[in-house]
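The values are calculated or read from the model by the stated rules, or taken from the named source; none is laboratory data. Because the structure is a prediction, the values reported are computed rather than measured. So basically every Cβ, Gly included, is an ideal-geometry build from the backbone, and we count neighbours across all protein chains shown.
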Amino acid sequence: MSKILVIAEHLDGKLNGATARAVSAAVATKPESIDVIVLSDAPDAVAAEAAKIDGVSKVLTVARAENAHTLAAILAPQIAKAAVGYSHVFAPSTTFGKDLAPRVAALLGVSQVSDVMSVEGAHSFKRPIYAGNAIVTVEVDAASTVVATIRTASWPAAASNGSAPVEALTVDATLPSHTRFVNLQQGKSDRPDLQGASKVVSGGRGVGSKENFEIIYKFADKIGAGVGASRAAVDAGYCPNEMQVGQTGKIIAPELYMAIGISGAIQHLTGIKDAGTIVAINKDGEAPIFEIADIGLVGDLFKILPELEAAIG
Amino acid sequence: MKILVGYKRVVDYNVRIQVKPDGTGVVTDGVKLSANPFDDIALEEALRLREKGVAEEVIVVGIGPADLTAHLRNGLAMGANRAIHVQTADAVSPLTAARTFLKLIEKEQPGLVILGKQAIDDDANQTGQMLAALWDRPQATFASKVEIADGKATVTREVDAGLETIEADLPAVITTDLRLNEPRFIKLPDIMKAKAKPIDVIELGSLGIDAADHIKTTHYAAPAKRTKGVMVKDAAELVAALKQKGLL
Ligand SMILES: Cc1cc2nc3c(=O)[nH]c(=O)nc-3n(C[C@H](O)[C@H](O)[C@H](O)COP(=O)(O)OP(=O)(O)OC[C@H]3O[C@@H](n4cnc5c(N)ncnc54)[C@H](O)[C@@H]3O)c2cc1C
Ligand SMILES: Nc1ncnc2c1ncn2[C@@H]1O[C@H](COP(=O)(O)O)[C@@H](O)[C@H]1O
């Protein structure tokens, strides 16, 4: 039977919602147990949140001053030690998990299954390649540890009705000093988090400038949506990088996605394939985004957005 | 200082990949191949560091089949000093690629290794992190800004929360994100010059690494297709449609 270790992602003392999504993938693997590991300088609050996730057997905390920041070079040796006895190690496929999990895998001497979309069996998974233009089934040799990152947009967050025990763990790993955290510039926003939001409004190059992007924020606030952007909009400096949606940005699955002044390049579509309803507003009726949009509206965004606000009331 | 650059050849990012009807792979015959976009950025960054006097030599590395030569010549034409071609007919996993890079590192002793954050064919996003682990050196993944001074790299990384800056002692592994730089175009005279630059060819089998792959791809499928929906004529119709779906 499988025993799964899920690596918790957290920031500023709060558990990231991607962790509960990784737990859902763990549940789908039908294991004997699912343990969540929290590495932090002060893990208690995060551990308490993790303990509530349905399906979790126990939460392990590794409290060390060095774990104050999520440096893969520091965390990986501890996780590799803690992973002994587990058949699977899962991490969310966020920048945190993508940075860390391969380092753990290499220490365990195995390759990794990146971006698990579905679990076909304890050692069989589906994942996207070529920006999601092909889906492959992979089989991991039953004798080796499965290290995988979980494509968060493919999995709902497991509910929080549980009460798993929390155990402190001491891992005997010497940690390097060659990598040091300097700072994190976080975009401060009161809007719903892009990766968890049920509605997302995204602007593209068609929005035209940083100042014009206000019209996107304003509309998003009107409907209580998170705000995203195409790579072209980020590159042009209209908005910060953490807003980018797509192959090299965030992969999201909101119930409603509105693409405004976005042409619909495959790299962008990769990020929104799992959205419930996709709405496209574009002045070019031939834009590829209309090929996949559930509802399309051809026209000038600067005219349409105010009209939409008025129509919503 | 030497810089080793990963320079993988992949299906061009503009190609819309088709899955073979029998599910055994994707169609690659006659499809345009190019440098992995992230690797062009890796090479550009290495060349800039050389132009700044931080590095003396830039070496592009390709692991792949015998016909990789023309691809490596492009890297040389862009400005790399020389190329290493690790030859193998088999597809290599990220772990094998990392083990291969480690062997080259032992020989070349670079101060910096710059790889792409991901290869856009397998979309694995693993090799740089694995290499850093096996080498027991720092990793600075998803880099959007790199500064090298006093034996260390200060790297700004694109993370979900925003921009993280870390400091890494050299030697280190950096993986590139798209906004790190804009790669230069190859100029015709440089293509001529590149012909005289050396390409070392090494058989993967001669490196003595474990290249066993314990993950097997058993089936390829086309993704679920989203179909074209309806067009509405104005804002009022759009709001009505969204209200009907319970989305507003
Ligand atoms: C390796 C790689 C990875 C990439 N990753 C990503 C990624 O993660 N995310 C991503 O988004 N892109 C990514 N890209 C870039 C992608 O290929 C496209 O270049 C990008 O998505 C285009 O952004 P856009 O649609 O905003 O701009 P454009 O393609 O320029 O489209 C702008 C659209 O706005 C419309 N428009 C203009 N003015 C108006 C107006 N007044 N009203 C209404 N409509 C208007 C135009 O008709 C046009 O369709 C990647 C590319 C590569 C090579
Ligand atoms: N076969 C290869 N040849 C050269 N570089 C490679 C190869 N495989 C991986 N790399 C490097 O590793 C990066 C990440 O690849 P991956 O982990 O497969 O997504 C690429 O952008 C390259 O820089």
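Got at least one residue in the range B:2-11 being touching a helix residue (DSSP H, G or I) at 6+ places or on another chain (Cβ under 6 Å), within 24 Å of A:Gln267 (Cβ to Cβ) and in a loop (DSSP other than H, G, I, E, B)? Yes, some residue in the range B:2-11 is touching a helix residue (DSSP H, G or I) at 6+ places or on another chain (Cβ under 6 Å), within 24 Å of A:Gln267 (Cβ to Cβ) and in a loop (DSSP other than H, G, I, E, B). Among residues of the range A:242-270 that are at positive phi and in a loop (DSSP other than H, G, I, E, B), none has a beta-carbon under 9 Å from a residue that is of a type in the set (Phe, Trp, Tyr) and within 7 Å of ligand 1 (Cβ to nearest atom) at least six positions away or on a different chain. Can you work out which of the residues in the range B:111-160 that are under 18 Å from the mean Cα position of the chain (by Cα) and farther than 28 Å from A:Leu11 by Cβ is surrounded by the most Cβ atoms within 10 Å (Cβ to Cβ)? Going through the qualifying residues, I end up with B:Val113. Of the residues making up the range A:228-240, those that are of a type outside the set (Gly, Ala, Ser) and surrounded by 22 or more Cβ atoms within 10 Å (Cβ to Cβ) are A:Arg231, A:Val234, A:Tyr238, A:Cys239.
Would you say A:Ile278 is modelled with pLDDT of 95 or more, over 28 Å from A:Asp99 (Cβ atoms), away from ligand 2 (no atom under 16 Å from the Cβ) and not in a helix (DSSP H, G or I)? It would help to see each step written out before you state the result.
Numbers: modelled with pLDDT of 95 or more: yes; over 28 Å from A:Asp99 (Cβ atoms): yes; away from ligand 2 (no atom under 16 Å from the Cβ): yes; not in a helix (DSSP H, G or I): yes.
So A:Ile278 fits the description; yes.
When A:Ala8, A:Ala106, A:Ala82 are checked against the criterion of being closer than 17 Å to A:Ile150 by Cα and among the small types (Gly, Ala, Ser), a single residue qualifies: A:Ala8. The residue that is surrounded by the fewest Cβ atoms within 10 Å (Cβ to Cβ), counting only those in the range A:262-281 that are within 17 Å of A:Ala220 (Cα to Cα) and within 7 Å of ligand 1 (Cβ to nearest atom), is A:Ile281.
Restricted to the range A:223-264, and to residues that are under 20 Å from A:Phe96 (Cβ atoms) and among the charged types (D, E, K, R), which residue is farthest from the other protein chains (Cβ to nearest Cβ)? Filtering the range A:223-264 for residues that are under 20 Å from A:Phe96 (Cβ atoms) and among the charged types (D, E, K, R), the one farthest from the other protein chains (Cβ to nearest Cβ) comes out as A:Lys250. Count of the range B:74-94 residues, restricted to those that are more than 11 Å from ligand 2 (Cβ to nearest atom) and within 14 Å of B:Lys195 (Cα to Cα), is 8.
Among residues belonging to the range A:174-192 that are part of a loop (DSSP other than H, G, I, E, B) and among the polar types (S, T, N, Q), point out the one that is nearest to B:Thr165 (Cα to Cα).
Looking at residues that are part of a loop (DSSP other than H, G, I, E, B) and among the polar types (S, T, N, Q), I get A:Ser177.
Per the listing B:Arg48, B:Arg99, the residue uniquely surrounded by 14 or more Cβ atoms within 10 Å (Cβ to Cβ), more than 9 Å from ligand 2 (Cβ to nearest atom), in a helix (DSSP H, G or I) and more than 17 Å from the chain's Cα centre (by Cα) is B:Arg48. Restricting the first member to the range B:174-200 and to residues that are within 14 Å of chain A (Cβ to nearest Cβ) and of a type in the set (Lys, Arg), and the second to residues that are part of a helix (DSSP H, G or I) and more than 16 Å from ligand 2 (Cβ to nearest atom), the beta-carbon pairs closer than 8 Å and six or more apart or on different chains are B:Arg179/A:Val234; B:Arg179/A:Asp235; B:Arg179/A:Asn241.
Of the residues in the range B:134-153, how many are within 20 Å of A:Val104 (Cβ to Cβ) and either within 16 Å of ligand 1 (Cβ to nearest atom) or in contact (Cβ under 8 Å) with a residue 24 or more places away in the chain (or both)?
Within the range B:134-153, the first condition is being within 20 Å of A:Val104 (Cβ to Cβ), and the residues that meet it are B:134-142.
Pick out the ones that are also either within 16 Å of ligand 1 (Cβ to nearest atom) or in contact (Cβ under 8 Å) with a residue 24 or more places away in the chain (or both) and you get B:134-135, B:137-142.
The total comes to 8.
Scanning the range B:106-132 for residues that are touching a residue at least 12 places away in the same chain (Cβ under 8 Å) and either in a strand (DSSP E or B) or away from ligand 2 (no atom under 13 Å from the Cβ) (or both) gives B:Glu108, B:Gln109, B:Pro110, B:Gly111, B:Leu112, B:Val113, B:Ile114, B:Leu115, B:Gly116. Scanning the range A:6-42 for residues that are under 16 Å from the mean Cα position of the chain (by Cα) and of a type in the set (A, V, I, L, M) returns A:Val6, A:Ile7, A:Ala8, A:Leu11, A:Leu15, A:Ala18, A:Ala20, A:Ala22, A:Val23, A:Ala25, A:Ala26.
Rundown of residues vs (1) part of a helix (DSSP H, G or I); (2) at negative phi; (3) over 14 Å from the mean Cα position of the chain (by Cα); (4) crowded, with 22+ Cβ neighbours inside 10 Å, yes/no style:
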| site | (1), (2), (3), (4) |
| --- | --- |
| B:Asp40 | yes, yes, no, yes |
| B:Gly62 | no, yes, no, yes |
| B:Asp67 | yes, yes, yes, no |
| B:Lys103 | yes, yes, yes, no |
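Take the residues of the range A:191-219 that are more than 16 Å from ligand 1 (Cβ to nearest atom) and touching a Gly at 6+ places or on another chain (Cβ under 7 Å): which is nearest to A:Ala280 (Cα to Cα)? Looking at residues that are more than 16 Å from ligand 1 (Cβ to nearest atom) and touching a Gly at 6+ places or on another chain (Cβ under 7 Å), I get A:Lys199.
So how many residues does the range A:105-145 have that are farther than 24 Å from B:Ile120 by Cβ and either touching a Lys or Arg at 6+ places or on another chain (Cβ under 6 Å) or within 9 Å of chain B (Cβ to nearest Cβ) (or both)?
Filtering the range A:105-145 down to residues farther than 24 Å from B:Ile120 by Cβ leaves A:107-109, A:119-124, A:141-145.
Retained after the next criterion (residues that are either touching a Lys or Arg at 6+ places or on another chain (Cβ under 6 Å) or within 9 Å of chain B (Cβ to nearest Cβ) (or both)): A:107, A:109, A:124, A:141, A:143-144.
Counting residues in the range A:105-145 that are farther than 24 Å from B:Ile120 by Cβ and either touching a Lys or Arg at 6+ places or on another chain (Cβ under 6 Å) or within 9 Å of chain B (Cβ to nearest Cβ) (or both) gives 6.
Note on the range A:282-298: among residues that are within 9 Å of ligand 1 (Cβ to nearest atom) and among the hydrophobic types (A, V, I, L, M, F, W, C), the one that is nearest to the other protein chains (Cβ to nearest Cβ) is A:Val298. Look at (1) modelled with pLDDT under 95; (2) within 30 Å of A:Met243 (Cα to Cα) and you find that B:Ile174 fails only one, number (1). In the range A:214-227, what residues are buried (at least 19 other Cβ atoms within 10 Å of the Cβ) and outside any helix (DSSP H, G or I)? Correct list: A:Ala225, A:Gly226, A:Val227. Restricting the range B:20-63 to residues that are small (Gly, Ala, Ser) and within 14 Å of another protein chain (Cβ to nearest Cβ) leaves a set whose member that is nearest to ligand 1 (Cβ to nearest atom) is B:Ser34.
Residues considered: B:Glu158, B:Glu167. Of these, the only one that is farther than 27 Å from B:Asn74 by Cα, within 16 Å of ligand 2 (Cβ to nearest atom) and at pLDDT 95 or above is B:Glu158.
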